[in-house]
Every structure is written in structure tokens, then in C-alpha cells.
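Peer 1: The following block contains the structure, expressed as C-alpha cells.
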Amino acid sequence: MNPNKEREWTLTECCTGKGENYKGCGKVLLLSVDDIFISKSNLQEFSYTFRCPHCGVFTSIPNWHLPKFVRRKAIEKFNVRSFSHTKV
Ligand SMILES: [Zn+2]
């Protein structure tokens with residue numbers, strides 16, 4: 001996939017709070033590749049996640065919703081700086 005196509009990629013997900021506290025606001029959000037990042041509970045278990053701009057709750061996204069380049073970018077971001085929910 002070329003860089004322009006990657007930038008145009010969007011995903012519709014509902015803010016459910018899955019993976020955090022299940023207290024999402026229920027809004028349907030249009031996400032782009034930059035909205036997806038990795039959160040982890042420990043080194044073995046990590047998940048692809050977005051943060052709702054309305055309520056601030058984190059929701060994890062099933063891996064199969066994401067094309068390979070999106071997952072790769074999230075991993076690259078994760079490797080640059082260790083991500084922590086509590087410090088954002
Ligand atoms: Zn929300």
C-alpha cells in the first residue's frame with residue numbers, strides 16, 4: 001500500500017471502553033492510522049487501542065479490524081517510547 005492510501009485509511013469503531021473499564025460513551029468514531037496505538041498490561045499481552053476524544057476512555061480494537069500497515073505503525077510508535085495509559 002502506498003503512503004497516500006495509508007493516510008486515507010479510516011476505521012469506524014464504537015467507544016465501548018473494552019480493555020479499560022467498559023465505561024465508554026458509546027459514540028461511533030472515525031479513526032485514522034495515527035489514532036491507533038498499542039497499550040500493554042505486560043510485555044506478553046498488548047492490544048491495539050484508541051482513545052475517545054469525547055470521554056477520554058481507551059478502547060481496544062480486535063487485531064483483525066486492522067490492516068497490517070496499521071499494526072506495524074502502532075508497533076513502531078510503541079518501540080519509540082514506552083506507552084503508559086496513566087501518563088498521557
Ligand atoms: Zn467515548
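Rule-based calculations on the coordinates, nothing more; no lab input. None of the values given here were measured: they were computed from a predicted structure. Heads up, the Cβs are rebuilt from the backbone with ideal geometry, glycines too, and the neighbour counts pull from every protein chain shown.
Peer 1: Can you list which of the trypsin sites (Lys or Arg not before Pro) found in the stretch 1-52 are DSSP loop residues with at most 11 other C-beta atoms within 10 Å? If you can, show how the numbers build up before the last one.
Peer 2: Numbers: sites: LYS5, ARG7, LYS18, LYS23, LYS27, LYS40, ARG51; in loops: LYS18, LYS23, LYS27.
Listed in order of number, the matching sites are LYS23.
Peer 1: Report the full-extension gain for the segment THR10 to LYS77: residue separation times 0.36 nm, less the Cα-Cα distance, to one decimal in nm. Don't skip to the answer; put the middle values down first.
Peer 2: Working: separation 67, 0.36 × 67 = 24.12 nm, distance 1.82 nm.
Answer, rounded to one decimal: 22.3 nm.
Peer 1: Around THR16, with a cut-off of 13 angstrom between Cβ atoms, what is the net charge of the other residues, counting Lys and Arg +1 and Asp and Glu -1? Don't skip to the end; give the middle numbers.
Peer 2: Working: positive: LYS18, LYS23, LYS27, ARG51; negative: GLU13, GLU20.
My count for the surroundings of THR16 gives +2.
Peer 1: Fully extended, how many nm does the chain gain between ASN21 and ASN2 (0.36 nm per residue separation, minus their Cα-Cα distance)? Numbers along the way, then the final one.
Peer 2: On the way: separation 19, 0.36 × 19 = 6.84 nm, distance 3.64 nm.
Full-extension gain reported as 3.2 nm.
Peer 1: Count the net charge of all other residues whose Cβ sits under 10 Å from the Cβ of ASP35, scoring Lys and Arg as +1 and Asp and Glu as -1.
Peer 2: Working: positive: ARG51; negative: GLU13, ASP34.
Result for the local shell: -1.
Peer 1: Amide H neighbours of VAL57 under 5 Å, counting only residues 5+ apart in sequence or on other chains, H built in-plane at 1.01 Å?
Peer 2: CYS52
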